[in-house]
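Student: Sending over a structure as structure tokens; questions will come in a sec.
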Amino acid sequence: MFDETRSTLSSHDQTTVRGPVESPGTDGFAIATFVLGLLGLVPLALGFGTRALIRLSRNGRDGTGLAVAGLVLSVLWIGVGWVALTPQHATRATAPDSIDAMAIGDCLDSDADAAQVIRVACDVPHDEQIAARVDVSNGWETYPRLTKLQELAQPLCQIAAAAYFTEGTPPPSIEFAAHVPTESSWGAGAREAVCTLRQVSGKLTASVPR
């Protein structure tokens with residue numbers, strides 16, 4: 001049997017105070033994080049942001065959204081910097097090139113004897129590399145037959161391809177090709193055959209060493 005004792009508070013035993021609850025305010029580190037992230041000062045923003053989140057978890061002040069936004073902005077700045085500093089290699093041109101306009105040493109993808117080719121970087125897989133140009137005008141005023149040009153260009157390009165290798169004979173894995181002017185390029189004044197080097201099988205993966 002328990003003896004239960006109850007007591008009551010009279011009106012003068014307690015005081016009720018009413019009024020608006022004041023906000024503890026926005027954390028200064030959170031504000032700093034957002035501003036620094038906005039300005040792209042990434043190291044400072046990351047430092048302040050980490051500090052702000054730790055403080056906010058303890059003091060209950062406002063500013064979590066600002067701190068997170070500042071950190072997100074910092075990550076975005078890091079991404080922008082990475083893209084800007086990373087070398088961008090265009091492996092293909094946006095449109096076909098004329099082989100007549102390409103320079104010795106340029107690398108390309110093409111079908112055999114195509115006038116229009118795709119210029120590519122020499123450090124990516126490609127079909128051919130330009131080694132030389134040889135004159136095939138032979139005194140002709142009008143466009144000769146294609147076979148005539150090929151017959152003239154073949155031995156000239158063979159000699160030019162061999163001369164490309166200044167340190168010795170060409171490796172057995174490399175062969176040459178001769179690209180002769182088409183009738184339209186002949187009409188535009190082209191009088192040279194383009195001599196290229198290519199793999200006997202597969203693609204080249206780098207510039208052909210001399």
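Student: Just to be sure before I move on: is residue 51 basic (Lys, Arg), closer than 22 Å to residue 32 by Cα and either open to solvent by 40 Å² or more (accessible area, probe 1.4 Å) or modelled with pLDDT under 75 (or both) in the structure I sent?
Tutor: Yes.
Student: Also, quick follow-up: Would a scan of segment 130-148 turn up a residue that is at pLDDT below 85, outside any helix (DSSP H, G or I) and within 20 Å of residue 201 (Cβ to Cβ)?
Tutor: no
Student: How about segment 173-202: which of its residues are touching a residue at least 40 places away in the same chain (Cβ under 8 Å) and among the polar types (S, T, N, Q)?
Tutor: 182, 184, 185, 196, listed by residue number.
Student: Another question about this same structure. Counting only residues that are open to solvent by 20 Å² or more (accessible area, probe 1.4 Å), within 13 Å of residue 137 (Cα to Cα) and in a helix (DSSP H, G or I), how many does segment 149-184 have?
Tutor: 5
Student: Moving on to the next point. Taking into account only those residues within segment 57-86 that are under 30 Å from residue 118 (Cα atoms) and open to solvent by 90 Å² or more (accessible area, probe 1.4 Å), which is modelled with the lowest pLDDT?
Tutor: 85
Student: Can we say residue 188 is open to solvent by 60 Å² or more (accessible area, probe 1.4 Å), under 19 Å from residue 100 (Cα atoms) and not charged (D, E, K, R)?
Tutor: Yes.
The values are calculated or read from the model by the stated rules, or taken from the named source; none is laboratory data. Here the structure is a predicted model, which is why all the values come from computation and not from measurement. So basically every Cβ, Gly included, is an ideal-geometry build from the backbone, and we count neighbours across all protein chains shown. Accessible surface is based on the protein model in full, side chains and every heavy atom, while ligands, DNA and RNA are left aside. Shrake-Rupley method; radii C 1.70, N 1.55, O 1.52, S 1.80 Å.
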